[in-house]
Amino acid sequence: MSLPGVRRLSRWLGVLAALALAFALVIGPARIASTTPPDTRVQTSPLWLDREGRLLRPFTVDGGRWRLPVTLDQVDPEYLRLLLFAEDRRFREHRGVDPRALLRAAWQWVRHGRIVSGGSTLSMQVARRLDERSTRELSGKWRQIRDALALERLMDKDAILTLYLTLAPYGGNLEGVRSAALAWFGKEPRRLSTAEAAFLVVLPQAPEARRPDRDPQAARRARDRLLERAHRAGVIDGIELAAALQEPVPTRRRDFPRLAAHLTWRQWRAHPELATGRLTIDGEIQRRLERLAAERVEPLGEKVSLALLVARHASGEVLASVGAARPLDTERRGYIDMTRAVRSPGSTLKPLIYGLAFEDGIAHPDSLIEDRPSGFSGYAPTNFDRDYQGTVSVRRALQLSLNVPAVTLLDAVGPARLMARLRRAGIAPVLPDDSPPGLAIGLGGLGVTLTDLVRLYAALARGGTPVELRETLSGQPSGFPVASGPPVLDERAAWYVGSILAGLSAPGLGRSGPIAFKTGTSYGYRDAWAIGFDGRHVVGVWVGRPDGASVPGLIGIEAAAPILIDVFAHLGDGAPLRPAPPGVLTADSAGLPPPLRRVSSGRQSGRSDPSGTDLEIAYPPPGARVDLGLKAGASMPLVLKARGGTPPYTWLANGSPIGREPFSRIARWSPEGPGYATLVVVDGRGAAARATVWLE
């Protein structure tokens, strides 16, 4: 700039300073009293905090801006000291405008030919941010001075300084020192190094030109100039200066915290009026379990996800909620909250079935029960491994998750009672096509959520008393029991179930110690589950594909149970399970009362007859057309299923034997080509059933 131009600018600044002084001392009071001050109500980012007040997730304000609320005690004093030194040394003394600073800025401009320090006070900068209009013209600067003086009449110094800390620009869509500290350093501004504090002071002076992700050298030069000035003025000592100059400036912007992403988003949508929400989540546990989920999902397949839920069963407070292993992974559909998705529970409802049988006096953990091929009014369950154990104890049947004993007991207590007890636990199970409940619900033939199962197992851990899971903190003290309605199970039945599940072992895991847990696998390997509890926590794990597709080989004991054990390890030392309540009967099978020594079969109890001569081919039914891809040269086997009858079963196709099954009602046959086929099954009593089908 030419010398005449410099002189004109200096004169302009001098006149402005004189006018500001005259306005402040003579004209101002009357004019300010009649002037509408700027609106100091500032919209800040809604915050969701954990139970200890730690930040879980902020949300943007209008325009997609990050403007996190902050208070003076949340900011490092070193930053405040450098801020006042660099921007407004007489902030605590002036009334909004500092004429000496304006004159100093004019003189430095004349002397150096460039801006060395600005003349605007922090109050003037706040007024400009609130007004959001240009101050390049004299009228704009005059309006800024007037508004700054008005602010000083209405607000104390700490309130004005807090507004600056909230509104200062830090590049892009960042506003406020807290947003900047999180974005550029990944930390709260409460503890800053001298170099970090200096960086956060100089960036608002030229927020776009000094953005470190665009021009880190410009940011560093500005920071170092401030540090050297502060050292010359005695604000920092030589040791602080040397250490600060060695620190690098950040070169990339960090993501804002997004812990418990699905839960915080759901609560934010439900309560948009809240500036700050407090959740029952423990931020440290949440962080560790999100990291665990991301690590453990990797070897399971590129479209597989997992979900975790941890709660204190005494109060129902949710401590961790991981809705997806990687919320931003679209291949894994991480945007779906799998803690709330309706899925088939597999075998995870069996403990409640056994508990109802204990409650009704139908069985005892050491009662004997048959695990053999059985039919229940046309329903013929088979075990997962298609093998049978024969006569086993009820305890062993639940630990091995055998299907026939579970259906035997469900047939005795009734599917309607199972549904009623699920509702007592606060669960609203979903039945296919709103059909009435049948025996298949005991093996996963209905829909529930991970949250539902955690709620059910929390009731088991509490001795059968239901509990409502809580995600937000309210006026109730921590640990306040939230129970309502009749029990899910009586206390003795719940204890029996817990003692059985506490003795469960899994391959590669050894004994579970004080953890009572159950695994489950839904039909078609779509869902793998592990739900468990100790004396303090209840944990639920789901693994699978959110789109419901099958994952061959995905089973609960291998995919979900190891994760469950790891979650309990992250929770620290466990608490012992509840002690046995009064009236618990401890005896082996021979020592039980005669009615409890052996569980009656359906035939003996007057229910369905599991065997007999009512043999029929359940699949394929007579006259069916079955597409096996034979016309295209494929060789897909045909699955054959029998219903009723007495094992063993011998199968024939077109008069030729194709297999003999000692117990299973299921066989497979690979036909040579398309056409009609006559299928025959003969049971152990000589009864036969026939079906003619068309294969193509």
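Things worth noting here:
- The range 645-678 residues near the modelled MET636 label - backbone nitrogen below 18 Å, point 7 Å along Cα→Cβ: 667-677
- Answer label, with Rg and Dmax of the Cα atoms in Å calculated from the coordinates and candidates (1) 26.7, 105; (2) 25.4, 83; (3) 36.3, 119: (3)
- The range 187-211 versus the range 336-368: alpha-carbon centroid distance in Å: 57
- R0 of 56 Å, Cβ-Cβ distance THR692-GLU331: FRET efficiency to nearest 0.05: 0.75
- Electrostatic bookkeeping for LEU456 treats Lys and Arg as +1 and Asp and Glu as -1; over the other residues with beta carbon under 10 Å from its beta carbon, the sum is +2.
- Interchain or long-range residues, amide H under 5 Å from ALA618's placed H: LYS641, ALA642, ARG643
- In nm, spacing of pseudo-spin labels at GLN74 and SER193 (7 Å Cα→C-beta vector): 2.4
- Least to most buried among LYS631, LYS641, LYS157, LYS350 (fewest other Cβ within 10 Å first): LYS631, LYS157, LYS641, LYS350
- Here the dipole of the range 350-597 is about 280 debye; that uses its Cα centre as origin and unit charges on the Cβ of Lys and Arg (positive) and Asp and Glu (negative).
- Model label points for ARG625 and TRP142, set 7 angstrom from Cα along the Cα-to-Cβ axis, are 9.1 nm apart.
- Extending 7 Å from the Cα toward the beta-carbon at both ARG668 and THR36 defines two label points whose distance is 8.0 nm.
- Ordering VAL318, ILE666, ALA148 by the projection of their Cα atoms onto the charge dipole of the chain, which places +1 on the Cβ of Lys and Arg and -1 on the Cβ of Asp and Glu, puts ALA148 at the extreme positive end.
- Additional length obtainable on full extension of the chain from ARG95 to ASP387, 0.36 nm per residue less Cα span: 96.4 nm
- The residue list ALA275, ALA222, HIS94 was ranked by how far each Cα lies along the charge dipole of the chain toward its positive end, using unit charges on Cβ atoms, and HIS94 comes out on top.
- Summed side-chain charge close to ILE427 - residues other than ILE427 whose Cβ falls under 11 Å, Lys, Arg +1, Asp, Glu -1: +3
- Relative exposure of SER670, SER344, judged by other C-beta atoms within 10 Å (fewest first): SER670, SER344
- Difference of contour (0.36 nm per residue) and Cα-Cα distance, ASP62 to ARG269: 73.0 nm
- Counting every other Cβ atom within 10 Å of each residue's Cβ, THR121, THR276 order from fewest to most as THR276, THR121.
- Normalised by the number of residues in the range 616-695, the average gap of Cα pairs under 8 Å and 6 or more apart makes the relative contact order 37 percent.
- Length released on extending from ALA569 to THR251, taking residue separation times 0.36 nm less the Cα-Cα span: 110.8 nm
- VAL70 sits among other residues whose Cβ lies under 11 Å from its own Cβ, and their net charge, with Lys and Arg +1 and Asp and Glu -1, is 0.
- The chain - charge dipole about Cα centre, Lys and Arg +1 at Cβ, Asp and Glu -1, debye rounded to 20: 2620
- Sequence-separation-based contact order of the chain, relative, with Cα cut under 8 Å and 6+ spacing, percent: 10
Bear in mind that the values in this text are calculations on the coordinates, not laboratory data. What you are looking at is a predicted structure, and each value in this text was computed from that prediction instead of being measured. No Cβ is skipped: glycine too gets one built from the backbone with ideal geometry, and neighbour counts run over all protein chains shown.
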